């Protein structure tokens, strides 16, 4: 049998890095023309992550959102009941299957391993690849989605309804759409397997700042000699080695003048101009002589003098012939890139972490954000125009990302409120909402009178002024015991590199611990590897004590911190109940679980000031005060919930609603 060498390399080499998934080859086009049946009615669903109802209504009343206003006059506007917890992967997974987290198994961005107590990404699991002589890939990495249940768009496609699903969160790896189209959203990693590792090069970094940052950056200390700085670019982990060993490429930065440098990477020379992003830079990383993977990124020259500073965006998996199942059919992103230009494939496509760590400023952040969203709009409209579907779904993210970054500039009570910055950028959230309105206007032009249009946000937003260290509270209240003091800040590099966690926790004397955004777990005998709390009466006693005491937690000024603490069995049900936390915390406005609690950290204080530019949030906030929005071009009565969208859409299409769907149709 003759095998084309290029196809061999593409099939084995391209998928061998770390992201190939079982079934990915079966998702390729079979060459047979699909047979569709006509839906009873057409449906378009457009998601805008994290629109805050109070801001939306304010801007609406001011006449800032004319297309939304026109839509509401023809149909309905409601607050949309969110999930518990009210965070994006949970919300969108519930949106997909029409049920609470117990029906799909996603409870947070993170989950914990009850054997090692180690936090890890909750949405996917992977098995490592194998190489012969560290050269030839003989076993692909297997990537498995941890979201259970069948999404309503998969259900529609299985019933031969032509369907397009574009960048919906928690859809990685992509699935066969039976002749339709899909591109995965939130959950698609960058080339390093993370959710977005930026790199920052500067001559004025201190030794303490160099290395991995808390929020997902790599800081490179550089020195300029004869107008040249020699450093490296950190790429994907080498899958031929045990552990986390990133591939490094030599990087040279040559100063041309006070406003210009030339970057040399892989033999390519890229001229950078101060205050501007570069065009897309395509970088190939060689894993072995026959295996490589291609990424795309952009450089930004921050300054040349007095200090040389260069920012590098996270390196995305290239949309041209991606080695991962991020789309279906497998050439969808390739065709889109050829027709519209290169674009980000990473699920979290906007550089929030770089702004949070103040490596880029507000202007750079917003320029980048609008560039991403303009391309997302272009792709959405292109898909609607060129190959219309009876069910079309697209999700936009900028409304959420701008809320995380700019709530401090509309809240004078926030510790990072800055009057001068508020004057310049206090309208940032409004600008993004107006961008949303423009997108809706373009979509309204493209749908017929008999098409049902559903616009939604999965949750709302709050100002994030104070952060709460739940593990510290557990220590101070006797539910967690430490063997010795270790005041160390965990980083995302610990998470993705599988660093050592909990080094000073005495599990033989610890009854409870917290991991993720407001989740508390009991150190349970028979479930946790070093559990000490017996199931039954002892378990209930510890849970009841923690719930009762946390509900009374007060800040230094007497302000109530927590609206409620929910027991697992009171809010979750379904086949994935075993993945659920034992308790879920719902914070009051102004408070959120700390970053260190998410990663298992134990700082000295229970409650601290949030002095970061990441100033707005919804994660771990009380769901009843964190609702999203819903707009339709049809009249709707009652109080809608995000779990109702799946059965509503299926009924409109004339597709049977699965028996395990928890929500109800509105029509």
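Every number here is computed from the coordinates shown, using simple stated rules; none is lab data. All of these numbers come straight from a predicted model, not from anything done at the bench. Quick reminder, even Gly has a Cβ in these numbers, built from the backbone with ideal geometry, and neighbours come from all protein chains shown.
A few comments on the model shown:
- Applying 1/(1 + (r/R0)^6) with R0 = 51 Å to the Cβ-Cβ distance of residue 54 and residue 481 gives a FRET efficiency near 0.75.
- Rounded to 5, percent antiparallel among DSSP beta bridges of the chain: 70 percent
- Note on the range 258-293 and the range 313-343: Cα centroid distance 19 Å, given to the nearest whole angstrom.
- Relative contact order for the chain: 23 percent, from Cα pairs under 8 Å spaced at least 6 residues apart, divided by residue count.
- Relative exposure of 353, 120, judged by other C-beta atoms within 10 Å (fewest first): 120, 353
- Kirkwood-based Rg to Rh ratio, the range 518-569, C-alpha trace: 1.07
- Normalised contact order of the range 268-402, rounded percent, pairs of Cα under 8 Å and 6 or more residues apart: 15 percent
- Projected label points at residue 538 and residue 307, each 7 Å from Cα along the beta carbon direction, are separated by 5.4 nanometres.
- Among beta bridges identified by DSSP and lying wholly in the range 198-313, the antiparallel ones come to about 85 percent.
- Segment residue 370..residue 608, full-extension length gain: 82.4 nm, with 0.36 nm per residue of separation and the alpha-carbon distance subtracted.
- Whole-angstrom gap from the range 161-205 to the range 601-667, using each part's C-alpha centre: 21 Å
- Computed on the range 465-616, with alpha-carbon pairs under 8 angstrom and 6+ residues apart, the relative contact order is 37 percent.
- Cα centroid separation - the range 575-596 against the range 41-92, whole Å: 24 Å
- Ranked 232, 576, 300, criterion: other C-beta atoms within 10 Å, fewest first: 232, 576, 300
- Distance histogram in 5 Å bins (all Cα pairs of the range 465-616, percent per bin): 2, 9, 18, 23, 21, 16, 9, 3, 0
- For the chain, average projected area of the Cα convex hull in nm²: 30.6 nm²
- Protection proxy ranking, peptides 48-59, 102-113, average beta carbon neighbours within 10 Å, highest first: 102-113, 48-59
- Each label was represented as a point 7 Å from its Cα along the Cα-to-Cβ direction; for residue 387 and residue 419 these points are 5.6 nm apart.
- Projection of the Cα convex hull of the range 598-640, averaged over all directions and equal to a quarter of that hull's surface, yields 5.6 nm².
- Share of pairwise Cα separations in the range 198-313, more than 18 Å, in percent: 51 percent
- Pairwise FRET efficiency - residue 61 versus residue 208, Cβ, R0 = 51 Å, nearest 0.05: 0.55
- Of the residues 667, 407, the one with the fewest other Cβ atoms within 10 Å heads the list, and the complete ranking is 667, 407.
- If R0 is taken as 51 Å, the Cβ-Cβ distance between residue 273 and residue 555 corresponds to a FRET efficiency of 0.60.
- Per-residue [θ]222 nm for the chain (sum of -39500 (n - 2.57) over DSSP H runs n ≥ 4, rounded to 500): -6500 deg cm²/dmol
- Peptide ranges 256-263, 426-433 listed from the most packed, as the mean C-beta count within 10 angstrom indicates: 426-433, 256-263
- Ordering 142-149, 318-325, 334-341 by mean Cβ neighbour count within 10 Å, with the highest value first, yields 318-325, 142-149, 334-341.
- Note on residue 331 and residue 35: their simple-model spin labels are 2.5 nm apart, each label 7 Å out from Cα toward Cβ.
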